[in-house]
1. Under a Cβ-only charge scheme (Lys and Arg +1, Asp and Glu -1), can you give me the dipole magnitude of segment 215-298 about the Cα centre, in debye to the nearest 20?
2. Determine which residues of segment 247-277 fall in the zone a paramagnetic label at E169 would reach in this model, i.e. backbone nitrogen under 18 Å from the point 7 Å along Cα→Cβ.
3. So if we plug the beta-carbon distance of N333 and K285 into 1/(1 + (r/R0)^6) with R0 = 25 Å, what FRET efficiency do we get, rounded to 0.05?
4. From the residues V4, H218, I124, which one has its Cα farthest along the dipole of the chain in the positive direction, the dipole being from +1 and -1 charges on Cβ of Lys/Arg and Asp/Glu about the Cα centre?
5. Quick one: grab the alpha carbon gyration tensor of segment 160-306, order the square roots of its eigenvalues as a ≥ b ≥ c, and give me rounded if a/c is under 1.5, else prolate or oblate depending on whether a/b is larger than b/c.
6. Which net charge results when you count Lys and Arg as +1 and Asp and Glu as -1 among the other residues whose beta-carbon is under 12 Å from that of Y68?
7. Between helix 180-193 and the chain, what is the angle of the helix's C-alpha long axis to the longest principal axis, kept within 0 to 90° and rounded to the nearest 10?
8. Counting other beta carbons within 10 Å of each Cβ, put D107, D29 in order, fewest first.
Amino acid sequence: MSNVEKIKQLERELATEGIDTLLILSREDSDKVLPLLLPVHVVAQTAFFFNRNGRHIVLTGSTDANMYKPFGLFEIIEVVEDFETDFLATFNRINPRSVALNISETDYLADGLTLGQYRLLESIIGGERLAALEKSSEPIVRTLRAIKSEQELTCIRHAVDVTCTIYEEIAPNIRIGMSETDIGALFVEGMKRHNVINAFAEPYSYPLVCINRCGLAHRQPSSRNILMEGDILICDFSVSHQGYCSDIARSFYALGKGESQAPQPILRAFQTTVNAVSAVIEGLKPGLMGYEADLLGRSLIEQAGYPTIRHSVGHQVGMRVHDGGTSLSPSSNPNSHYAIQKGEVYAIEPTVIQDDGKPSFIVEEDVLITDDGVQILSKRQMDLWYIAR
């Protein structure tokens, strides 16, 4: 995806932060931030000068130079003598007063500059000069990843729609007597049918498929775990479409002989989970702090008498399933001390999780933050889905 919108957004963020240039040094796709801006496979030693004045420059080898021409965004400089000489000449011509580098101690998604590339930069322009100019790109990258462009939202919406469709297609085909891997295979068939891939692990790997009785955790489905009457089944499924993800979980109950619905303790745990999801969705709005959003779901589950949630109530979704930025977590998490912003996409998942096979549920929905609340992107699960023989 050639995301001109993201590069224009980057220019605005550079202006907001008072930084002249975001400098990205990359070789063999070593930088984590570049894919957010350009869909390129970097081979040669390359320097990208993203300047807030909109006059962007790429310095690269002759093998890579042609792939930047179709974008129409760059002055392209091919290395003639050696990279170091041409870099210094370009850097001196730009003469930035401040330079953002992809270095961060707290956000791995803003920490793309390798030590070797940093040392190369230091050797070219000098340690003292670099120290006087360099800034962390973390605040810029955080906002750049978090606030989605219309092009990004189109991809995310498609990923979410396909995920919901696959759930709807396979739900009637889940049967008592199937193994976790049998159920996982239904998801793989759905991904192939809809031309998407798993956003976790390998392209056609199984999603999380857990029979509660066999242990609820982020683990691989097992062919030895067989769905039986009275079991709770939880599936957590994420797909990727054109590099952007969904993250949606659904919960099922396998009806026993003579049952038309689940027993009351199971229904109560499920309804508490749904109510907690609703509480978070209804309370989300721009300006709310991440830890405040976390408390909306966490407190409801605790007040219902269930154990506190073992993870965040929600997280951002984008190019990755867990896309960094503001986290809807307790205040002990530093990433919860940021305000929610319009244009962010979150997966909302307050859960009832209990040990020893007691009723546990995950219901996860994807939402977009709007001017004064949220737009729900996924088709909500409001009722427990039943499985019959």
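1. Using Cβ point charges on Lys, Arg, Asp and Glu, segment 215-298 gives about 140 debye.
2. The answer is 247-250.
3. 0.80
4. Projecting each Cα onto the dipole axis, the largest value belongs to H218.
5. Oblate is the answer for segment 160-306, as a/c is 1.5 or above yet b/c matches or exceeds a/b.
6. Counting the neighbours of Y68, the net charge comes to -2.
7. With rounding to tens, the tilt is 50 degrees.
8. Final ranking by Cβ density, sparse to dense: D29, D107.
Rule-based calculations on the coordinates, nothing more; no lab input. Note that the coordinates shown come from a computational prediction; the quantities given were computed from them, not determined experimentally. With ideal geometry, Cβ positions are generated from the backbone for all residues, glycine too; neighbour counts draw on all protein chains shown.
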